[in-house]
Structure formats: structure tokens, C-alpha cells
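Take a look at the structure below.
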Amino acid sequence: LGEGARARVCAARDAEGRELAIKVSALASGHELWVEAERLLFASSRLLPGLLDVGRVPKGLPGLADRVGHTWLALERAPGRAIEPQALGASDRTTIALVVARDVGEALDDLHQSGLAHGDVKPANIVLSRDTARLVDLGLSAASDEVVPRGATLRYLPPEVRSTGALGDARARDLYAL
């Protein structure tokens, strides 16, 4: 499904046929995925991926021979596709913007009320189905009052972060990105 600096995400099905997203750490320690798993447990929201299981990659899995022993998370797979703003037709933009504002706003509210912030709100981390937008990838999440970001996509950070270095808290950065 995708690969970033910290993890690879693969599509899978469980024994009951449910679609899953398996996130496999790029780092042998896998510490960042254990932290993400813990945050997902505390951040209950219908618009965030549910954590189903966690473990270490065993030997013998096709396509993951280079990740044996790395941490993996099994997540509910959000139906739909990540938003690609350039691919949106002019007639769809308003409707999609309203769905994203409603649903990602609710997901962020749920996160913030649990004491967490997402840390990397951007179109690639918003999965859109017919009438629902779900926020995915809590890999850069942090305490909601954290001042120094763990990382982020610069394009979606408030301009004052780039110009004056003023960071604000993580909730404010999430809301600006939304």
C-alpha cells in the first residue's frame, strides 16, 4: 500500500476475510511502532484505524525477508484511497472538503481529547471512501501539548514555524494542517 522512511504498509486479509493493513517497521528495533500501537490503544475513534495485533516478522514471509524480527502492526484497513488533491475534479472539491473537515476534525478531536496529536495531517494520511474520510498513520503522533514536533511534512506546518521558529503545541499544528 505504501512505504515511507519509517515503515512499509502491506495489504492483507485475516482468517475471517477482513481487509487489514500490516505496517512493518523499517528499523530493526521497531520501537516507533510499539509507541504507535500504544497510542492507538488510547486514541479510540471510529475515524482512526483500529489496532488488531502486534508482533515481530517471522522467517519465511514472501516480500519481508529483509524485515525478519522487525515489529509489525495489524490495523483495520480504511476502505478507499488516500486523497490526491491534484486528481480531484472541480465539482468534487467542495464536497470532499466538507467530508474531510467533518471527519478528520472529529478524528483530531478524539485524539486531542485523549491527550494526543497526530503530527502529520496531510492528504496522503487521509483515506477517503464514498462519504467518509479516515485519518491514518499515527507514526509521528505525540502528546497534544508537545511543543517540538517529532517530524512533519513542512508544507502543512504553520508558516510561523518556518519564519520565526514559533512552534505552538501539537494540537495547533494539527488544526492548521487540517
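The values are calculated or read from the model by the stated rules, or taken from the named source; none is laboratory data. Predicted, not measured: the structure shown is a model, and the values here were computed from it. Glycine gets a Cβ as well: all are built from the backbone with ideal geometry, and neighbour counts include every protein chain shown. Surface areas here come from the heavy atoms of the whole protein model, side chains and all, with no ligands, DNA or RNA. Shrake-Rupley method; radii C 1.70, N 1.55, O 1.52, S 1.80 Å.
Would you mind giving the three semi-axes, in whole Å and largest first, of the ellipsoid equivalent to segment 33-95 according to its Cα gyration tensor?
Ellipsoid semi-axes (Å, largest first): 31, 18, 9.
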Projected area averaged over all directions for the convex hull of the alpha carbon atoms of segment 80-146, nm², comes out at 4.5
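What is the magnitude of the charge dipole of the chain about its Cα centre, with +1 placed on the Cβ of each Lys and Arg, -1 on the Cβ of each Asp and Glu, and no other charges, expressed in debye to the nearest 20?
The calculation lands at about 440 debye.
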Mean accessible area per residue over segment 1-118 (1.4 angstrom probe, all protein chains present, square angstrom) is 56
Dipole check, the chain, charges on Cβ (K,R +1; D,E -1), about Cα centroid: among G115, T153, A170 the Cα furthest to the positive pole belongs to T153
With Cα coordinates, the longest principal axis of the chain makes an angle with the long axis of helix 31-42, in degrees rounded to 10, of 70
The base-10 log of I(q)/I(0) that the Debye equation returns for segment 26-178 at q = 0.10, 0.14 Å⁻¹, one scatterer per C-alpha, is -0.39, -0.75
Inverse of <1/r> over all distinct C-alpha pairs of segment 6-71, i.e. the Kirkwood Rh in Å, gives 12.8
Only helices counted: for the chain, with every DSSP H run of 4 or more residues adding -39500 (n - 2.57) and the sum spread over all residues, [θ] at 222 nm is -8500 deg cm²/dmol
